[in-house]
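What follows is a single structure, written as structure tokens, with notes after it.
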Amino acid sequence: MYFPIGWPKVLKNLGSDTQLIRQIVSNRDKVLFAALTDECLVVWFCKPTVPIVYHKRSAESLQRLGVNVCVEWKPDSSMICISTSEGHLILYNVEAQNEQTAYQQCDPPTASLRRDSAELFVKEVIPSLKVTLFKEILVWDGQITRMCCISGTEILVCTTRAHLLRYRWDGTQNRDYCLDLGRIPFSINQQVSKAEPILEDNTHVNDIEYSPLVCGFGITLNDGRAAYLTAPNLKFDPNAVQGIWAQGIDDATCVRVNHKFRLIAIGRKNSQIDVFTIDEATGGLELSHTMVLSSKDFPGDPGPVKCMRWSGEGRAVAASWERGGVSVWSTFGALLVCSLAWDYGLSQDLARHNPLVVSSMEWATEGYQLWMVKVEEESKSNLIQMDFVKSPLSVNPCMSNQRHLYLQADDKLYVNLEDNLTSQTKLSIIDSSSDAFQENGQEPLEYDSRTKYKEFVDDNECRKQWIVLQLPATYIATNWPLRFSAVDGSGQHVCAAGRAGLAHYSCAARRWKLFGNEAHERDFVVTAGVLWWRDYIVAGCYSVTDGHDEIRLYPRDAKLDNKFAKIVRVQAQVFVLDILDDQLVVFGADALVTIYELNRIDNNGNVEVRCVQAVDISALSHPACVVSASLCRLQDAPPAHARSARTARPPRPTRWWVLPASGLPIINASGKLMMVQREEYDVDEDNNPRQKYKNSGTLHCYGDTISQLNF
């Protein structure tokens, strides 16, 4: 869940104010932003928001090669590629000047104006970049419509002659792997034997995006059709590439791929966004859901979808329309933000003219900022920046079992303790669709009137007041932005982790606790979220000094120091953490769901961490597509006589309710819920899984060991 906060900021354009910004593109880390105009290239830094490089092409270059059209970063941010209107590619080297920073802070000579607070010192190192021309390439294949970086060595260039050309970053063309739309067979799925290439003239790719996790490209054509290009392997041999049509689409304008959830979002001229998923059985594109404005949100027509961008973790997508307006949607189609419902005053008629027309946009690091190109006039535009707060569940799914409500920003937390909301609640509200029964087997309680409802819930309790916890400047100044956060069951202790290290806060003492030794804070990076177990902070980390992945447990009441921490080395990078009672579930890059048993030995902070089980799910999903991994317990089915007529369901086989010895692993992979059979591993002397043996308590799901449910 994403929510805008504060007023949008307008960034001052460098150079001529009359130039129209064509595109804004961030690098892979979403820290550097390249803003492209017809003549200029400006590179901005994210935090603080300042320009670093301003490069303007000469008049001779503009006349010979044409004006700028598109820009693309190399994954390691060492090069930038610009395409021109005359079918040329211009490659630039981007070098960091390590001996100096781009900006230096100087205090004025007046003593009263000098800084005396640590918060006024910007400790972020703003790199000094140097952009130099590397090579100019003539494509000789019509105009260039779009570029797409597919690896650290190659970039894909789409032209008006229906070709997808692959160029290396050294300027040479990889001719053996260039694609031609006229030779790619297209069908509705991969099982259809009849597949035909595109035979229509003047048909070319209008928009494209690549994702290795979906094993292909999402494309839109200039005639309004949309498709998905895939191949048996990531080499994309031209003889093995196959196209899959997105059925029912004839007015596509743009396409974006969600890597985490393996979704392909297609913007249309009818102002809606159709989101497709890849059917694992047939290989075709199946419509998952549609993002469409209701009459309550906007009764008019905002026009075709202009551009879309998924956030870095894939939990939100921002979209804009040609006639104006910006919206932010959740992954599966809930409208979070829509500027069409904003109040612009009586002087603005949104049906005829929208003051917020966005032609290009890009998310910043961790999704806390949305950079947008706002069109002011026909030949003038501005860069604006909108700040967001988001739910911690977007990056730390283990917080889903917490009853406390809080949001996180890039440098602060907005906390609302549950005790202020439901301290006088006498009975929790039960979803009528669930099977809830009283202990005596009678039918569940129902609320038949508002008067009776007030007997259970005090409406005065619903008044909310946010507590803003500002992260200390001594920590966030060097570890911006905030990445993970967690609150304990009591709501009295909060943990936060930024770029490196971590810190925690006590609501009772109203103070933050930081590492006393800054070297200990800098020597590890939290990679998989944080959570609370009793009075311990549990974090999945990467040790920078030792170069390996590990799980760390820091006692809450002791000093933040590595000598008090329990450190358990793991075999691969940790992606997801969760906990159930004293069982810790860890999912890593080796596709192993490992379950540890935590045992507190004494009151001096000594903890025993023992690996008890592990499950290999490499056959189910790519590790990067696993959204969450958690444990749950099944319960016996209630007796048939206890079911009400309204919630009656046909009896299930008794084998569904065979209980495992402990929690059952539940995996959310790309939005699909998987209940996995548990298997145990013997462990070696390093407490790592070694030899597998089956657990006696096996979950059977209608005869299968794995059940998949879409939600």
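Residue by residue, here is whether (1) under 26 Å from residue 511 (Cα atoms); (2) touching a residue at least 40 places away in the same chain (Cβ under 8 Å); (3) not acidic (Asp, Glu) holds:
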position: 551; (1), (2), (3): yes, yes, yes
position: 556; (1), (2), (3): yes, yes, yes
position: 559; (1), (2), (3): yes, yes, yes
position: 565; (1), (2), (3): yes, no, yes
position: 571; (1), (2), (3): no, yes, yes
position: 574; (1), (2), (3): no, yes, yes
position: 584; (1), (2), (3): no, yes, yes
position: 595; (1), (2), (3): no, yes, yes
position: 599; (1), (2), (3): no, no, yes
Looking at region 165-187, is at least one residue among the aliphatic types (A, V, I, L, M) and exposed (fewer than 13 other Cβ atoms within 10 Å of the Cβ)?
no
Being at pLDDT below 95, farther than 16 Å from residue 218 by Cβ, in a loop (DSSP other than H, G, I, E, B) and under 22 Å from the mean Cα position of the chain (by Cα), is that true of even one residue in region 258-279?
no
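Residues of region 106-140 being under 29 Å from residue 476 (Cα atoms), open to solvent by 90 Å² or more (accessible area, probe 1.4 Å) and either outside any helix (DSSP H, G or I) or in contact (Cβ under 8 Å) with a residue 12 or more places away in the chain (or both), which ones? Lay out the reasoning, then the answer.
Step one: filter region 106-140 for residues under 29 Å from residue 476 (Cα atoms), giving 106-130.
Next, from what is left, pick out any that are open to solvent by 90 Å² or more (accessible area, probe 1.4 Å): 106, 109, 112-114, 116, 119-120, 123, 125, 130.
Of everything in region 106-140, those that are under 29 Å from residue 476 (Cα atoms), open to solvent by 90 Å² or more (accessible area, probe 1.4 Å) and either outside any helix (DSSP H, G or I) or in contact (Cβ under 8 Å) with a residue 12 or more places away in the chain (or both) turn out to be 106, 109, 114, 116, 119, 123, 125, 130.
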Inside region 163-193, can you point out the residues that are of a type in the set (Gly, Ala, Ser) and under 23 Å from residue 222 (Cβ atoms)?
182, 187
Please state which one of 309, 323, 352 is in contact (Cβ under 8 Å) with a residue 40 or more places away in the chain and open to solvent by 20 Å² or more (accessible area, probe 1.4 Å).
309
Filter region 244-265 for residues that are more than 18 Å from residue 187 (Cβ to Cβ) and among the β-branched types (Val, Ile, Thr) and give the result.
253, 255, 257
Can you name the strands (runs of 3 or more DSSP E) wholly within region 588-635 that have at least 2 residues being of a type outside the set (Ser, Thr, Tyr) and open to solvent by 30 Å² or more (accessible area, probe 1.4 Å)?
592-600, 607-616
Can you name the residue in region 12-31 that is open to solvent by 20 Å² or more (accessible area, probe 1.4 Å) and aliphatic (A, V, I, L, M) and, of all such residues, is nearest to residue 362 (Cα to Cα)?
31
Which residue pairs have Cβ atoms under 7 Å apart, sit 6 or more places apart or on different chains, and have a first residue in region 141-154 that is farther than 15 Å from residue 215 by Cα and a second that is open to solvent by 30 Å² or more (accessible area, probe 1.4 Å) and of a type in the set (Asp, Glu)?
147/72; 152/76
Residues of region 35-64 being open to solvent by 60 Å² or more (accessible area, probe 1.4 Å), closer than 29 Å to residue 477 by Cα and touching a strand residue (DSSP E or B) at 6+ places or on another chain (Cβ under 6 Å), which ones?
54
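Quick grid of which residues meet (1) touching a Gly at 6+ places or on another chain (Cβ under 8 Å); (2) at pLDDT below 90:
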| residue | (1), (2) |
| --- | --- |
| 350 | yes, yes |
| 372 | no, no |
| 376 | no, yes |
| 385 | no, no |
| 397 | yes, no |
| 400 | no, yes |
| 410 | no, no |
What are the residues in region 237-253 that are open to solvent by 10 Å² or more (accessible area, probe 1.4 Å) and either assigned to a strand (DSSP E or B) or touching a helix residue (DSSP H, G or I) at 6+ places or on another chain (Cβ under 8 Å) (or both), if any?
237, 238, 242, 245, 253
In region 466-477, residues that are in a helix (DSSP H, G or I) and open to solvent by 60 Å² or more (accessible area, probe 1.4 Å) total 1
The number of residues in region 155-174 that are in contact with a strand residue (DSSP E or B) (Cβ under 8 Å, 6 or more places away or on another chain), farther than 26 Å from residue 56 by Cβ, touching a residue at least 24 places away in the same chain (Cβ under 8 Å) and assigned to a loop (DSSP other than H, G, I, E, B) is 2
Only one of 297, 301 is open to solvent by 20 Å² or more (accessible area, probe 1.4 Å) and in contact with a Lys or Arg (Cβ under 8 Å, 6 or more places away or on another chain), namely 301
Name the single residue, out of those in region 336-376 being small (Gly, Ala, Ser) and assigned to a loop (DSSP other than H, G, I, E, B), that is farthest from residue 483 (Cα to Cα).
347
Within region 369-396, how many residues are within 17 Å of residue 328 (Cα to Cα) and either polar (S, T, N, Q) or in contact with a Pro (Cβ under 6 Å, 6 or more places away or on another chain) (or both)?
7
Tell me which of these residue 563 doesn't satisfy, since it passes every other one: (1) open to solvent by 10 Å² or more (accessible area, probe 1.4 Å); (2) assigned to a strand (DSSP E or B).
(2)
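The values are calculated or read from the model by the stated rules, or taken from the named source; none is laboratory data. Treat the numbers as computed from the prediction; the structure is a model and nothing was measured. Glycine also receives a Cβ, built like all others from the backbone with ideal geometry; neighbour counts cover every protein chain displayed. Only protein heavy atoms, including side chains, enter the accessible area calculation; ligands, DNA and RNA are left aside. Shrake-Rupley method; radii C 1.70, N 1.55, O 1.52, S 1.80 Å.
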